[in-house]
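The values are calculated or read from the model by the stated rules, or taken from the named source; none is laboratory data. This one's a predicted model, so the numbers in the text were calculated from it and none came from an experiment. A quick note on method: Cβ atoms are made from the backbone with ideal geometry, for glycine too, and the neighbour counts reach across all protein chains shown.
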Amino acid sequence: MSTQTTNVNNAKPALLAIKDIPLHELEDWAISSDQLSIQKKFIFKDFEQAFSFMKNCYEPIEKMNHHPDWSNVYSTVTVILNTHDSGGITHKDIALAKAMDQVFKDLII
């Protein structure tokens with residue numbers, strides 16, 4: 001009889017039901033029209049501040065090993081978060097959204 005061990009760390013994060021996504025805990029994040037991601041536009045005073053935001057997000061992104069789909073056009077950084085392995089929104093997206101909101105607050109104060 002063969003026994004297999006499942007590595008819990010390799011398990012895909014569980015998808016969140018739309019009703020369970022805590023948007024009230026996030027600042028100005030919205031669920032995408034296809035309901036597979038959350039998204040937000042961060043607006044800065046200039047390109048330098050926008051780029052600093054992206055640089056300062058590096059540490060939490062790497063620590064969580066969860067990488068956003070994002071783009072920068074001058075003073076705007078658009079962020080789309082979803083958990084590709086799970087095919088939608090998970091607790092990893094919520095945690096990264098909160099971390100990015102904190103980076104934003106720390107930068108603009």
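What is the residue count in the stretch 1-30 for residues that are modelled with pLDDT under 70 and either surrounded by 11 or more Cβ atoms within 10 Å (Cβ to Cβ) or aliphatic (A, V, I, L, M) (or both)? Steps first, please.
The first filter runs over the stretch 1-30 and keeps only residues modelled with pLDDT under 70, leaving 1-10.
Okay, now just the ones that are also either surrounded by 11 or more Cβ atoms within 10 Å (Cβ to Cβ) or aliphatic (A, V, I, L, M) (or both), so 1, 8.
Of the residues in that region, 2 qualify.
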Close pairs from the stretch 77-96: first over 11 Å from Lys12 (Cα atoms) and among the acidic types (Asp, Glu), partner in a strand (DSSP E or B) and at pLDDT 95 or above, Cβ under 8 Å, at least 6 apart
Asp93/Ile38; Asp93/Leu81; Asp93/Thr83
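Just name the residue that is nearest to Ile109 (Cα to Cα) out of those in the stretch 31-56 that are of a type outside the set (A, V, I, L, M, F, W, C) and surrounded by 18 or more Cβ atoms within 10 Å (Cβ to Cβ).
Just the residues of the stretch 31-56 that are of a type outside the set (A, V, I, L, M, F, W, C), to begin with: 32-35, 37, 39-41, 45-46, 48-49, 52, 55-56.
Keeping just the survivors that are surrounded by 18 or more Cβ atoms within 10 Å (Cβ to Cβ) gives 37, 39-40.
On the way: Ser37: 28, Gln39: 23, Lys40: 19 Å.
Ranking the candidates gives Lys40 first.
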Which one of these is more than 29 Å from Ala11 (Cα to Cα) and touching a residue at least 60 places away in the same chain (Cβ under 8 Å): Phe51, Phe44?
Phe44
Taking Ile94 as the residue in question, decide whether it is out of contact with any Cys (no Cβ under 9 Å at 6 or more places or on another chain), among the β-branched types (Val, Ile, Thr) and either assigned to a strand (DSSP E or B) or under 14 Å from Phe51 (Cβ atoms) (or both).
no
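Of the residues that make up the stretch 57-73, is at least one outside any helix (DSSP H, G or I), among the acidic types (Asp, Glu), touching a residue at least 60 places away in the same chain (Cβ under 8 Å) and surrounded by 12 or more Cβ atoms within 10 Å (Cβ to Cβ)? Give the steps one after another, and end with the answer.
Our first condition is that a residue be outside any helix (DSSP H, G or I); within the stretch 57-73, this holds for 65-73.
If we keep only those that are among the acidic types (Asp, Glu) too, we end up with 69.
Adding the requirement that they be touching a residue at least 60 places away in the same chain (Cβ under 8 Å) leaves none.
The answer is no; no qualifying residue exists.
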Restricting to the stretch 30-56, and then to whatever is assigned to a helix (DSSP H, G or I) and among the aromatic types (Phe, Trp, Tyr), can you tell me which residue is farthest from the chain's Cα centre (by Cα)?
Phe47
State all residues of the stretch 79-109 that are farther than 13 Å from Ser37 by Cα, at pLDDT 95 or above and among the β-branched types (Val, Ile, Thr); if no residue qualifies, say none.
Val103
